[in-house]
Structure formats: structure tokens, C-alpha cells
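Readers should treat all values here as calculations from the given coordinates under stated rules, not as data from a laboratory. Everything numeric here is computed off the predicted structure, so don't read it as measured data. Cβ placement follows ideal geometry from the backbone for every residue including glycine, while neighbour counts extend to all protein chains displayed.
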Amino acid sequence: MTSPVEVRVVVSEQDLKACFAVRREVFVIEQSVPEAVEYDTYDADALHVLAVDADGIPLGTGRLLHGPAALGRTGAPAVGSLGRLAVARSARGLGVGRLLVRAIEAEAARLGLTAVDLGAQTQALGFYEGLGYVAHGPEFQDAGIPHRAMRRSLP
């Protein structure tokens, strides 16, 4: 990266709005995911992270579901669910996605989770495999986009 990137856990309404704006740009506008599908009831209880540049410009976001919210998705109380990982077009290829995933994993470990699951768009499988995630199960559709389930055990 040419400028420093800060990845932080979202604690303010302003940061949460920035997360939603990045998600809207990536998922709703670029990938045509309906807004009613993109924003869900899990957002209220999720741990959100936000990547910003040195000027505070939002670059990317992701969320971690844990506890009861994750249990329905992962089937295991000690497994979190990483989702809604989005990097602004202007920041792609700069390592922002990797920083976001590692920050979410660090928070998962801090919460005592032993693994992280996710549903990866099939075009992003290589990215997640490079971060140690392993695909399992058949391909499935989410918002009309092909996905695969993946998991990484935390050290």
C-alpha cells in the first residue's frame, strides 16, 4: 500500500454508516444485490470492522457474527461467521481485504472462538485459500451469486 491503512472495530454510528456505504457500493451497486438482502437483522449484533486510509477515507469493511447469531450459520458455538467483506474498487489489490480478514480473525480469537466460517463468492476462493481457508460442501447460490462454504481454524 502506498499510504497507511488503519483497520478498527466499529464503535461509532459514523463508522457503521461508512461500513454500510462501502457495502452498498460493492454489493448493491456493483454486484446488483438487492438492498433488502444486503442489510439484515444480523447487522445489529455483529462485530463490524472498517479499514480507512490516512485521511480517514473508508476503504473496506467486514463483519463477524458470533454467539447465537453465528450458531445458526456455523452449527458450533465456538465458530464465528465472517461475512460482508467488501473493499472499495479504488482500494482493490492493495492488501486491504487481507488486513480486514486478519482483523476479524483476531477479534474472533479474542472472543474465544476456535474457527471462522464464511461463504465465499466462487470468484474469491483463491483469495481465501491464500489466507488458509478450506472450501467444503457443494456450491450454493446467495443473492444469485455462486458461493462455497469455507472454514479456517484459528491458532
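Observations on the model:
- The order of Tyr133, Tyr42, going from fewest to most other C-beta atoms within 10 Å of their C-beta, is Tyr42, Tyr133.
- In this simple spin-label approximation, Thr41 and Val11 carry label points 7 Å from Cα along the Cα→Cβ vector, and these lie 2.9 nm apart.
- Taking the stretch 13-65 and dividing mean pair separation by its residue count, relative contact order in percent (alpha carbons under 8 Å, at least six apart): 37 percent
- Computed on the stretch 13-155, with alpha-carbon pairs under 8 angstrom and 6+ residues apart, the relative contact order is 19 percent.
- Helical content alone sets the calculated 222 nm signal of the chain at -7500 deg cm²/dmol, taking -39,500 (n - 2.57) per DSSP H segment of four or more residues and averaging over every residue.
- Approximate spin-label separation Arg110-Asp55, in nm, with each point projected 7 Å along Cα-to-Cβ: 2.9 nm
- Taking each residue as 0.36 nm, the span from Leu125 to Ser32 lengthens on full extension beyond its C-alpha to C-alpha distance by 31.5 nm.
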